[in-house]
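What follows is a set of notes on a single structure, which appears directly below.
The values are calculated or read from the model by the stated rules, or taken from the named source; none is laboratory data. The shown structure was predicted, so the numbers you read here are calculated from the model rather than taken from an experiment. For neighbour counting, all protein chains shown are included, and Cβ atoms are generated from backbone atoms with ideal geometry for every residue, glycine included.
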């Protein structure tokens, strides 16, 4: 076990990605090509290495004719960044990538960030959906079901109930103010 953990920590991002994605033939080039768009990795590659993955996204790209020039500009921007300020993950890179200057790269990063890393996320959401969409709640709207599912999936997030109630009351004001019928001054 110690040998496995030592070897795993010694492997670079590219080698680990190749090993993991070799389990899913056909997706390796696509996934690695997008992973190589992170600011840490893009400084070490050229467009030919990246273009194999870009072919997968041609239907989704807003302006595929300028992809090579856009890649060169993106690479230059990443090279000009200080090493400490370069984002290393896809999510961080997406925040740095300007949608107007790099529309194709931004779209590829957006798609890559939404790819599930494992199937656990799907399984967890479907398990939660079974608990939420019971027989008694079967007539609820899809908007309500979506909202309940998001709250259930992200249940570790703490919500301020007073703020939520105030926000709801501002969004949906009642025509008639409710008064306390037990209070004599009302």
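Figure legend. Inter-residue proximity from segment 33-52: first residues under 13 Å from residue 73 (Cα atoms), second residues modelled with pLDDT under 80 and not in a loop (DSSP other than H, G, I, E, B), beta-carbon distance below 6 Å, spacing 6+ or different chains. No pairs are indicated. Where helices (runs of 4 or more DSSP H) sit wholly within segment 95-186, those with at least 1 residues that are at pLDDT 85 or above occupy 103-114, 142-153, 161-171.
Close contacts from segment 94-116, counting a first residue that is without any contact (Cβ under 8 Å) to a residue 12 or more places away in the chain and a second that is in a loop (DSSP other than H, G, I, E, B), with Cβ to Cβ under 6 Å and a gap of 6+ residues or different chains, come to none at all.
Residues are listed down the side, and each one gets a yes or a no for (1) under 22 Å from residue 99 (Cβ atoms); (2) in a helix (DSSP H, G or I); (3) touching a strand residue (DSSP E or B) at 6+ places or on another chain (Cβ under 9 Å); (4) modelled with pLDDT under 80:
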position	(1), (2), (3), (4)
23	no, no, no, yes
29	no, yes, no, yes
32	no, yes, no, yes
40	yes, yes, no, yes
44	no, no, no, no
48	no, yes, no, no
52	no, yes, no, yes
56	yes, yes, no, yes
60	yes, no, no, no
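When we screen 129, 90 for residues that are closer than 24 Å to residue 61 by Cα and surrounded by 13 or more Cβ atoms within 10 Å (Cβ to Cβ), the only hit is 90. For segment 64-83, the tally of residues that are part of a loop (DSSP other than H, G, I, E, B) and at pLDDT below 85 stands at 0.
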